[in-house]
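Quick notes on the structure that follows.
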Amino acid sequence: MPTSSSRKHPKVLFITSEAFPLCKTGGLGDVSAALPAALRELKADVRLLLPGYPAVLSGIGHKRKVAAFNLQPHFPPAVLYSAQLQISESVSVPLYIIHCPELYQRTGGIYLDDHGQDWPDNAQRFGLLSRIGALLGSDASPLAWIPDIVHCNDWQSGLTPAYLHYHSGKKAASLMTLHNLAFQGCFPPEEVTQLGLPLGSFSMHGVEYYGNLSFLKAGIYYAARITTVSPTYAQEIQQEPLGFGLQGLLAGRSEDVSGIVNGIDTAIWNPASDPYIARKYSTQNLTAKKFNKLALQREVGLEENGAIPLFAGISRLSYQKGYDILLQIAPMLTHLPAQLVLLGSGDSQLEKQLLTLAQTYPGKIAVHIGYDEALSHRINAGADCFLMPSRFEPCGLNQMYSQCYGTPPIVHATGGLIDTVVDLNTETLADRTASGFHFHAMDADTFMRTIRRAIDTYSNAGLWKTLQLNGMNRDFSWKASASAYLSLYCRLKQSNVFFD
Ligand code: ADP
Ligand code: GLC
């Protein structure tokens, strides 16, 4: 039986392909830093495992070599460094970095090359992450520290539970968190043996998915438990279309699937202390927000006008995010008292269309293509209303940032957006929970109607302020969700027959 103190302090290896501020392409990066930090505050011994991309190796301070791996012929030689990821002045998270120059030391993105194409060796790059995650989570580990739980995140670490399944010694229990089912890590079948998995794993009851090897399916199939990043998404993925082909497997494991909503790092996303914004503000001096609006309008080249509602969006540009619908309604917006500022990068066609839009409506629509952390803070602070027309959204973070900044969001009613934004209606106004607007049908007309609804609301200053304050007063910190993960870790640890 575990003692009460071991129950409280599980050892967890958090395996991820990105972690803010070292490397981030989206919300996974934010979550991979903030959640482990919040868990450490709850005294869980959580450590991160990350590939050694150039930005990771140059971004950390002191590091020391703690192990070397010789996994040929499946992987090139690799070294394991130990370091600390500094999250804030008082919190840091122990970090293991896989140094494998052949797979990670290159210019370009984490997943894509300079031409926006997947790296051709991604199966090996993230196979190695998964493989080393499994080794560290077993009695074959070269380290003295052996986790009770390996916490896998998305397809990049999806093979860890598969490797562990085929390990005959003692091993950690595995938890698979699904941040986005649209990315599954599918590769040709010959990768199975190339990555050192037994041929027998290539079956419907294993890593095989419609004739290919799927990292994500492997994770879902072999992990002891599966979580999603919001409760609504946990339900949505057990059906079509949001199961993306995995709905049958997920529904079959429904007792092991649950949703824990993401939190946000409220130290980084706080308008009262944000170093990036023109004027700090809080619920006590909300009027100071208007300086940020004027500064933003000046910065991005919009007409400086404090009275006109300023709508904003910050996003990866992909089909998921629904910016094609935003493109359809944008010209209509220019006939209303409204401005629009957008920050994003991704799909090159969408990037081009957005730039054309800004050229067509100068002073009314501003578009910044690229990835700009500082500007994203200034947009959250300066805008009046945040737009998130995502077709699907496992959780979404920006709608939470925007609520903290007194910038009520308009969201498509899907996934985590349902769980984190409260639609304005008479009931939610009365109980002071209303914090934004939902729209249900995913089409331009419905989206536009909701924008008009927001503009009407904005013209009632008292009502708008209530909406802003309701959002700013909500607790989006990781506290509750980190506790939920901790309980789950403890349950998994207790039920693991291999470790005491
Ligand atoms: P996803 O992970 O699907 O992209 P999330 O809403 O969970 O969506 O997280 C996106 C994160 O990436 C947020 O922190 C958001 O502010 C940030 N982000 C996305 N695009 C940009 C950009 N172009 N510049 C700065 N930050 C961005
Ligand atoms: C994914 C999802 C997003 C979620 C993020 C972090 O990228 O698209 O909704 O917030 O992961 O969990």
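The values are calculated or read from the model by the stated rules, or taken from the named source; none is laboratory data. Predicted, not measured: the structure shown is a model, and the values here were computed from it. Every residue, glycine as well, gets a Cβ built from its backbone with ideal geometry; the counts of neighbours run over all protein chains shown.
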Check: residue 232 is checked against (1) in a helix (DSSP H, G or I); (2) within 16 Å of ligand 1 (Cβ to nearest atom); (3) not assigned by TED's automatic domain parsing to the domain that holds residue 161 and fails just one. What number does that condition carry?
Finding: (3)
Margin query: List pairs: first residue in region 194-210 and more than 10 Å from residue 162 (Cβ to Cβ), second residue in a loop (DSSP other than H, G, I, E, B) anywhere in the structure, Cβ distance under 6 angstrom, at least six positions apart or on different chains.
Written below: 196/74; 208/202
Check: among the β-branched types (Val, Ile, Thr), buried (at least 18 other Cβ atoms within 10 Å of the Cβ) and within 24 Å of the chain's Cα centre (by Cα), is that true of residue 325?
Finding: yes
Notebook entry, point to check: Can you tell me which residues in region 38-57 are surrounded by fewer than 17 Cβ atoms within 10 Å (Cβ to Cβ) and over 17 Å from residue 103 (Cβ atoms)?
Noted result: 41, 42, 43, 45
Next item on the list: Those residues that are surrounded by 21 or more Cβ atoms within 10 Å (Cβ to Cβ) and out of contact with any helix residue (DSSP H, G or I) (no Cβ under 6 Å at 6 or more places or on another chain), I need them from region 176-196; list them, please.
Entry: 177, 178, 180, 181, 192
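Between 108, 116, 127, which is exposed (fewer than 14 other Cβ atoms within 10 Å of the Cβ), in the same structural domain as residue 17 (by TED's automatic domain parsing), out of contact with any Gly (no Cβ under 7 Å at 6 or more places or on another chain) and not aromatic (Phe, Trp, Tyr)?
116
Test of understanding: among 209, 221, which residue is closer than 27 Å to residue 35 by Cβ, more than 16 Å from ligand 1 (Cβ to nearest atom) and of a type in the set (Phe, Trp, Tyr)?
The match here is 221.
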Checklist line | Which numbered condition residue 258 misses (of (1) in a strand (DSSP E or B); (2) not assigned by TED's automatic domain parsing to the domain that holds residue 39) | finding: (2)
Check: Name the residues in region 35-92 that are more than 30 Å from residue 476 (Cα to Cα) and either charged (D, E, K, R) or outside the structural domain of residue 135 (by TED's automatic domain parsing) (or both), would you?
Finding: 63, 64, 65
Notebook entry, point to check: Do the conditions hold for residue 103, that is, is it in the same structural domain as residue 191 (by TED's automatic domain parsing), at pLDDT 95 or above and over 24 Å from the mean Cα position of the chain (by Cα)?
Noted result: no
Margin query: Could you list, ordered by first residue, the pairs with Cβ atoms under 6 Å in which the first is in region 21-34 and among the basic types (Lys, Arg) and the second is outside any helix (DSSP H, G or I) and more than 6 Å from ligand 2 (Cβ to nearest atom), at least 6 apart or interchain?
Written below: 24/18
Check: Name the residues in region 378-393 that are touching a strand residue (DSSP E or B) at 6+ places or on another chain (Cβ under 6 Å) and not aliphatic (A, V, I, L, M), would you?
Finding: 384, 385, 386, 389, 390
Notebook entry, point to check: Any residue at all in region 368-377 that is surrounded by 24 or more Cβ atoms within 10 Å (Cβ to Cβ), modelled with pLDDT of 95 or more and in the same structural domain as residue 412 (by TED's automatic domain parsing)?
Noted result: no
Next item on the list: Test residue 138 against the stated conditions and say whether it is buried (at least 18 other Cβ atoms within 10 Å of the Cβ) and among the small types (Gly, Ala, Ser).
Entry: yes
Notebook entry, point to check: Of all residues in region 376-435 being assigned to a helix (DSSP H, G or I) and of a type in the set (A, V, I, L, M, F, W, C), which is farthest from ligand 2 (Cβ to nearest atom)?
Noted result: 430
Item checked: Matching residues, region 229-285, being over 23 Å from residue 412 (Cα atoms), touching a strand residue (DSSP E or B) at 6+ places or on another chain (Cβ under 8 Å) and surrounded by fewer than 20 Cβ atoms within 10 Å (Cβ to Cβ) -> 253, 256
Note to self: Let me confirm something: among 181, 175, which residue is within 16 Å of ligand 1 (Cβ to nearest atom) and within 25 Å of residue 416 (Cβ to Cβ)?
What the structure shows: 181
Notebook entry, point to check: Among the residues of region 385-407, which ones are farther than 21 Å from residue 445 by Cα and more than 8 Å from ligand 1 (Cβ to nearest atom)?
Noted result: 400, 402, 403, 404, 405, 406, 407
